[in-house]
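Take a look at the structure set out below.
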Amino acid sequence: MRPTGTVHRTYLTQQYGADTYVVPATALHELGTGSYRLAQFDVSALVAGRPGVTPGSGVAHPDFPMRTATIKVTDPQGGPARQSMLVVINVDESRKYAAVPVALDGEARISVPDGHYALMAHYQTGDGPGNTTAEWVAFGQFTVAGKATSTTVDLRRATHEVSVTTPRRAEVQDVDVMWDRGSAEDAAVQAGFSTFGDHPLYLSSSPAGVGIQHFYVHETLTSPASATTPYLYDVIFPSDRAIGANQHYQATAGSLATLNTSYYADKPRTGNSVWFAAPRWQPEVLRYGTPLPQPMRRTEYLTADPELPYFQSVDAVLADGGPGGMFQSGSYVFRGGQHERVDWLRGPLAPTIPADTGVGWYACGACRIDDTLSIRLAPVGDSTPDHAGDLDDPSQAGTVSTSRFQLFSGGTRLVDQKDVTGADVAVPAGRKNYRIVYDQTRKAPWTSQSTSSHSEWTFSSAHSGTTTVPTDRWGCGADGDTTHCSPVSLLLPHYQLTQGLDGRIPLGRNTLTLTVDHSAGAPRVPVESATVSVSFDDGKTWTTAKVNDLGAGTFRAHWNNPATTAGHPMTLKATASDSTHVTVTQIVHAAATVAQS
């Protein structure tokens, strides 16, 4: 997501195996002179909490002779390019050589084995404050055969300006270009960059050549300030083999899915949102986020393609730039002309296990692996079943994030841990009854609602000697192994109050739609009963709501908010039970606020 208060700079991305490197273009010169090491920009290592690894680092013992390849880079005016980032790949066998050298004063020298090579050169100009004013990308190829060689990549060939048109007028915010090149699909190197849309970007063409080549242009565009209702385009244009001269792309109405999205916020704030989508050859996707005033309703148009799975991330950032909640959706593929409604941060917000959308990787939140019970709760969920959020950083001012996870078998407490959301526990092989108790406090400056919760789940489980989960995209337990993994059945409530975007509910008659789902993969047995109660004194006294069973796990609750509750928080309690006696009880304090009038 986009850092607040930064100038418009370019970030170059390279993917080597399981590691992704993100290098600010302003660091290229220092990288070339040795002031920085590429390992310092390994974001995969940063997330995993391990030391970074520079591709090709360590002592090399080649089983083949190495030759000196001199790469000369000509800038768009015909002189030596002061500094440019290169990506060089052996397309006969990419495991032999792939590197990211930096050309300084128009030249880079590398030692490579014989073979055919593809390369990409990236060059940019900037102004005094550090804003990028233009960028050029040129592709090339050369061959090394038995002796040193020299090649030139001429940025004057990068004359094809990248542009996108959309059905409605929109302003470019961010541009991403990704190039996948190598000897084979499982040995390719991905390299690209992300930049802002306030300056031109020029590309050269690239023939198919030896090996494989994939490419895409991605843009995020937003409505002009004059638009009555805000809208956003997230469009991506993949291609294979050759990269053509025409870099103008058109998104048509028939090629897009339309999402009518509501972002709820009980406190005005400006967060970020970002849609992630990429072809399946790109395992990790990095994107800028676009500023998102909250609360807000926005129409979002996304590229519809069965080969482009999407997921979304949303956060809440306060006016002073302080961090806020982080939430993420499951993955989707869209079809052209599809219309959907999506709600984000619609409360009450409560612990859950996110739903499996059937697309992309899914980590099982309630599974049995042989005689290990594996539970992984999401600390926060909203009204959309596949949305999940994290607790806020407790080191931030005004933030309290605490939790307690307990697991019982009969009267025996198997687990009692603070500030965790689950555990992997060895349990007896025979069928036993279990109970999860999860208590949570979540107070942060960006919200005043759903400040604490108490959740209890009861269920039974026995030895799993078979695998009943999708092995191609599910992971089970701490190591993700799906061998002998079977889902455990938990009931998961999701709430839709009659409320405004500001999270306020009206005085007088109120309605809650309660949808009770089973955890992913569990049998969909009938949900037989549910109850709903509300309290205006933080749970000291309760008013029981009238509940109507609408079928298929959906219930409608009705009650009245008296005039004396105006401006007060409401605490919500819900229970449910299915035909196998699996139950859930959930209490959410400050679940909503009663409007003043």
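The values are calculated or read from the model by the stated rules, or taken from the named source; none is laboratory data. These numbers were taken from a predicted model, which means no experiment stands behind them. Counting neighbours? That spans all protein chains shown, and the Cβs are built from the backbone with ideal geometry, glycine included. Only protein heavy atoms, including side chains, enter the accessible area calculation; ligands, DNA and RNA are left aside. Shrake-Rupley method; radii C 1.70, N 1.55, O 1.52, S 1.80 Å.
Scanning the stretch 271-313 for residues being within 16 Å of T222 (Cα to Cα) and among the aliphatic types (A, V, I, L, M) gives a total of 4.
Restricted to strands (runs of 3 or more DSSP E) entirely inside the stretch 399-502, those with at least 1 residues that are over 19 Å from C367 (Cβ atoms) are 400-409, 412-418, 432-443, 452-461, 491-497. Counting only residues that are in contact (Cβ under 8 Å) with a residue 60 or more places away in the chain, within 20 Å of A191 (Cα to Cα) and open to solvent by 30 Å² or more (accessible area, probe 1.4 Å), the stretch 73-100 holds 3 of them.
I'd like to know if the stretch 513-533 contains one or more residues that are hydroxyl-bearing (S, T, Y), out of contact with any Ser or Thr (no Cβ under 6 Å at 6 or more places or on another chain) and farther than 29 Å from D356 by Cβ.
Step one: filter the stretch 513-533 for residues hydroxyl-bearing (S, T, Y), giving 513, 515, 519, 529, 531, 533.
When the remaining residues are screened for being out of contact with any Ser or Thr (no Cβ under 6 Å at 6 or more places or on another chain), the result is 513, 519.
Those left that are additionally farther than 29 Å from D356 by Cβ: none.
The answer is no; no qualifying residue exists.
Residues in the stretch 148-177 that are small (G, A, S), more than 30 Å from T70 (Cβ to Cβ) and in a strand (DSSP E or B): S163 alone.
Listed by position, the strands (runs of 3 or more DSSP E) inside the stretch 195-277 whose residues that are open to solvent by less than 30 Å² (accessible area, probe 1.4 Å) and under 26 Å from F311 (Cβ atoms) number at least 2 are 212-222, 231-240, 256-263, 269-277. In this structure, does G336 turn out to be open to solvent by less than 20 Å² (accessible area, probe 1.4 Å) and outside any strand (DSSP E or B)? So G336 does not fit the description; no.
Residues considered: E300, E340, E307. Of these, the only one that is farther than 29 Å from V516 by Cβ and of a type in the set (D, E) is E307. Only one entry in L514, L501 is open to solvent by less than 20 Å² (accessible area, probe 1.4 Å) and either at negative phi or among the acidic types (D, E) (or both), namely L514. Look at the stretch 464-479: where a residue is buried (at least 16 other Cβ atoms within 10 Å of the Cβ) and a partner is among the aliphatic types (A, V, I, L, M) and part of a loop (DSSP other than H, G, I, E, B), sitting 6+ places away or on another chain with Cβ atoms under 7 Å, you get C476/V469.
When every residue of the stretch 122-137 is checked against the conditions, at least one turns out to be touching a Phe, Trp or Tyr at 6+ places or on another chain (Cβ under 8 Å), more than 30 Å from S255 (Cβ to Cβ) and touching a residue at least 60 places away in the same chain (Cβ under 8 Å).
Is it the case that the stretch 372-383 has a residue that's open to solvent by 50 Å² or more (accessible area, probe 1.4 Å), in contact with a strand residue (DSSP E or B) (Cβ under 7 Å, 6 or more places away or on another chain) and within 30 Å of Q499 (Cβ to Cβ)? Yes, the stretch 372-383 has at least one match. Condition check for P207 on (1) under 20 Å from V314 (Cα atoms); (2) touching a residue at least 60 places away in the same chain (Cβ under 8 Å); (3) of a type outside the set (S, T, N, Q): one failure, at (1). What are the residues in the stretch 342-368 that are open to solvent by less than 30 Å² (accessible area, probe 1.4 Å) and assigned to a strand (DSSP E or B), if any? Within the stretch 342-368, V342, D343, W344, A350, P351, T352, Y362, A366, C367, R368 meet the criteria. When the residues of the stretch 369-390 are filtered to those that are free of Cβ contacts under 8 Å to residues at least 60 places away in the same chain and not in a loop (DSSP other than H, G, I, E, B), the one that is farthest from R473 (Cα to Cα) is A378. Of all residues in the stretch 415-427, those that are open to solvent by 70 Å² or more (accessible area, probe 1.4 Å) and within 18 Å of H463 (Cα to Cα) total 1. All conditions but one from (1) part of a strand (DSSP E or B); (2) within 19 Å of S452 (Cβ to Cβ); (3) of a type outside the set (G, A, S) apply to L514; the one that does not is (2).
Residues in the stretch 181-194 that are outside any strand (DSSP E or B) and either touching a residue at least 12 places away in the same chain (Cβ under 8 Å) or surrounded by 18 or more Cβ atoms within 10 Å (Cβ to Cβ) (or both): S183, A184, E185, A187. Restricting attention to the stretch 445-458 and to residues that are open to solvent by less than 10 Å² (accessible area, probe 1.4 Å) and not hydroxyl-bearing (S, T, Y), the residue that is nearest to the chain's Cα centre (by Cα) turns out to be W446.
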